[in-house]
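Reading through the structure tokens given below for one structure.
Only the coordinates and a few stated rules stand behind these numbers; no lab work does. Please read all numbers here as calculations on a predicted model, not as lab measurements. Glycine gets a Cβ as well: all are built from the backbone with ideal geometry, and neighbour counts include every protein chain shown.
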Ligand code: ZN
Ligand code: FE
């Protein structure tokens, strides 16, 4: 007896070897029919004995390829067609395009083995890949995922590659980027008008790195600037040429053993490091590499993920390489060859240019593993994966915030978060932002006449102004700090669960137009979040511009203390221009009100000794945490909570008093951290009891501070409250768009609706 059925598989099922897997599984069960990529996943038609069909369906999810992520399987009876064998059909165009696009995958063990097997036709070939590994998102130019719609379209396969591509028994069966040295792209080393191609290019690049030179290296989602991380001169030159004074550099090492020589690698951290996403993992440093991560006790380490990286190490490149996004200062990573050659001229001594184009820039992801992994920057290996199911029928596009921008598209109830885009104050980042919006809308063929666009409540944000120009059905603004809290609940899919939300960051537009950043809310994503407490307000001269100068931020906070020593004198030694800031403050010139905990940390850092300008966002707070971690545990400074307000005055008064008395800055920093943690706990315990809540959400950039998160979590847990934090999207503004999408989708109260004209 023959039965027939049609099976639809949704999820990450294209570009991950799914059709070949289905093909082999069908043949193993003597079934006839076909499999094809469709716009919304993979379609399978099966004909054969009922036991065969049953066995097939049993194994379909259980034995799927490692990179596949199945969202759903629908099986329906179908009329038999009399098929005699099982085949892979050409992809179907048209229909709904909601297939999930696979992120880029690090080279797999079998390809790695071939890469270093001298008898293999792809030995030392930097573009080796298979159905289990290689680029995906960074080479796709359209859906469905097929070779003509990738940046490999211009390289016709030779007989060998075509043979493997069409052979169901091959592990390159329908591997879209398949190539070999005879038919595929190569790497070229360019330096001073000279160009070398192929193996020599990689060898020579490794030699230049050994000689202390800076080489721009084309990777998967963009260019890196590479140099020997142990060569202090090379590192200094890179910092000078890149205008990157102090922001930490990530390093790449050949293997986990080399990582262990530099940092503590827990079992959890190792699993993330070796995973197919291969992100930069922040590890507790064991050694100090001069100039790599100043004033920081973590080191960002990643393992090689492109075949080229393995080849560089094998050709003798130094075993700890700086691998930093190739750009000037805060611009987004360069990914187009002409652009890279132009903008990096004067920074790089040579360019290792890969001939395969990159379709879109995707920066390295950054993950911290503190027990569980926490995403700090979502990029290569994760984007554009779905991070949450979002119960809304219509499409929603959430544009995020202006700092650390990333966007979220909700389509068919799935929330897809884009790669990290950057700071929209930068022109290049704004261009990348527009490209990413257009890219996602086009890739998923989103109907604009039903699109809900969500943006930050800040009327002057570039992302808000952009939203106003987008042709769409409806627009909605969502308040920044509520979006932070909602991002945690959206990740968890807990729409109705009432929680207390602590949203601490540097800046965000408040309901009253003030600069918020120390907010506590009660509510749920579905019902909306009511502001129930906040940091005591302070004046801020220059508004958000004060974020660059901790001493400038300090002025308004210190002004509220009863005892104010001369901060320009020892031991504080603020710069003389601080007096001008105080003058502006008292005449209320260009002065704004803020409840920002980020600025409170800046103030404490300034009072503890960080009196210079910062050279990257969050630097002063990171410095303060670094100081605090060097101290033995000390008693917290007082920071009382009452009447919906966290009062920073006793906290800062204690900092000032102890500094004057000559207490160790490390101890002062620690007592400050402990004071803030205690205050958060007191407020949460009191508010939770009042409102009968049992869980606390911690989100916002301030909660990238490990010391603070650990202290608050331990205390809240001890008081019987559950602590919920971000994992899939960053706690910083990189997670805002997911929270925006969730709140708008739920039609929550705090969304100030602004129907489009
Ligand atoms: Zn492979
Ligand atoms: Fe924020």
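Compute the label zone of residue 645 within segment 532-571: residues whose backbone N is under 20 Å from the point 7 Å along Cα-to-Cβ.
532-541, 554-564
Averaging sequence separations of C-alpha pairs under 8 Å and six or more residues apart, then dividing by the length of segment 32-179, give the relative contact order as a whole percent.
Value for segment 32-179: 23 percent.
Taking only C-alpha pairs under 8 Å that are 6+ residues apart, what is the relative contact order of the chain in percent?
Relative contact order, the chain: 11 percent.
Kindly state, to the nearest 0.05, the FRET efficiency for residue 561 paired with residue 590, given R0 = 25 Å and r defined as their beta-carbon distance.
Calculated transfer efficiency: 0.70.
What FRET efficiency comes out for the pair residue 393/residue 527, r = Cβ-Cβ distance, R0 = 25 Å, nearest 0.05?
That gives a FRET efficiency of 0.80.
For a distance above 21 Å, tell me the whole-number percent of Cα pairs in segment 268-391 that qualify.
Roughly 50 percent, once rounded to a whole number.
Take the alpha carbon atoms of segment 630-663, find their center, do the same for segment 559-595, and report the distance between the two centers in whole angstrom.
Between the Cα centres of segment 630-663 and segment 559-595 lies a distance of 19 Å.
How far apart, in nm, are the 7 Å Cα→Cβ label points at residue 182 and residue 710?
About 5.7 nm separates the two model spin labels.
Determine the gain in length on full extension of the stretch residue 267-residue 165; use 0.36 nm per residue of separation and subtract their C-alpha separation, reporting nm with one decimal.
33.0 nm
Which whole-number percent is the relative contact order of segment 603-706 (Cα, under 8 Å, 6+ apart)? Show your work: numbers first, answer last.
Numbers: 109 pairs, mean separation 32.3, N = 104.
Taking the mean separation of contacting Cα pairs over the length of segment 603-706, I get 31 percent.
Using only alpha carbons, build the gyration tensor for segment 174-262 and give me the equivalent ellipsoid semi-axes, biggest first, whole Å.
Computed over segment 174-262, the values are 27, 18, 13 Å.
Only residues of segment 547-561 count here: report those whose backbone N is under 19 Å from the spot 7 Å along Cα→Cβ of residue 512, or say none.
Label zone hits: 556-561.
State, to one decimal in nm, how far the label point of residue 370 lies from the label point of residue 58, with both points 7 Å from Cα in the Cβ direction.
In this crude spin-label approximation the distance works out to 4.6 nm.
Considering all projection directions equally, how large on average is the shadow of the alpha-carbon convex hull of the chain, in square nanometres?
The number I arrive at for the chain is 33.7 nm².
How large, in Å, is segment 619-689 by the Kirkwood hydrodynamic radius built from its alpha-carbon pairs?
By the Kirkwood definition, the hydrodynamic radius is 12.5 Å.
What list do you get for 577, 516 if you sort them by fewest beta carbons within 10 Å?
Placing the least packed residue first, the sequence is 577, 516.
When the helices in the chain are scored as -39500 (n - 2.57) per DSSP H run of 4 or longer and the sum is shared across all residues, what 222 nm value do you end up with, to the nearest 500 deg cm²/dmol?
Counting only the DSSP helices, I get -9500 deg cm²/dmol.
Indicate the gyration tensor shape class of segment 665-735 (rounded, prolate or oblate), computed on the Cα atoms with a ≥ b ≥ c the square roots of the eigenvalues: a/c under 1.5 is rounded; otherwise a/b larger than b/c is prolate and the rest oblate.
oblate
Would you please give the FRET efficiency between residue 336 and residue 274, computed as 1/(1 + (r/R0)^6) with r the Cβ-Cβ distance and R0 = 22 Å, to the nearest 0.05? Write down the numbers at each step before the final one.
Details: r = 31 Å, r/R0 = 1.39.
Using R0 = 22 Å, I get an efficiency of 0.10.
Suppose we take every Cα in segment 467-549 and form the convex hull; what volume per residue is that in Å³?
With only Cα atoms used, segment 467-549 gives 137 Å³ per residue.
Suppose the Debye formula is applied to equal point scatterers at every Cα of segment 628-757; what is log10 I(q)/I(0) at q = 0.16, 0.22 Å⁻¹?
For segment 628-757, the Cα-only Debye profile gives -0.93, -1.31.
Would you mind computing, in nm to one decimal, how far apart the modelled labels at residue 469 and residue 85 are, each placed 7 Å from Cα along Cα→Cβ?
Distance between the two pseudo-spin positions: 5.5 nm.
Using only Cα atoms and rounding to the nearest 10 degrees, what angle (0 to 90) does helix 50-62 make with the longest principal axis of the chain?
30
Hey, any idea what the orientation-averaged projected area of the convex hull of segment 1-94's Cα atoms comes to, in nm²?
With every direction weighted equally, the projected area is 5.5 nm².
Rounding to the nearest 10 and keeping the result within 0 to 90°, find how far the Cα-based axis of helix 706-718 lies from the longest principal axis of the chain.
It works out to around 90 degrees.
How do 456, 40 rank when sorted from fewest to most other Cβ atoms within 10 Å of their own Cβ?
Arranged by neighbour count, lowest to highest, 456, 40 become 40, 456.
Against the longest principal axis of the chain, how steep is helix 665-691, in degrees 0 to 90 to the nearest 10, with axes from Cα atoms?
80
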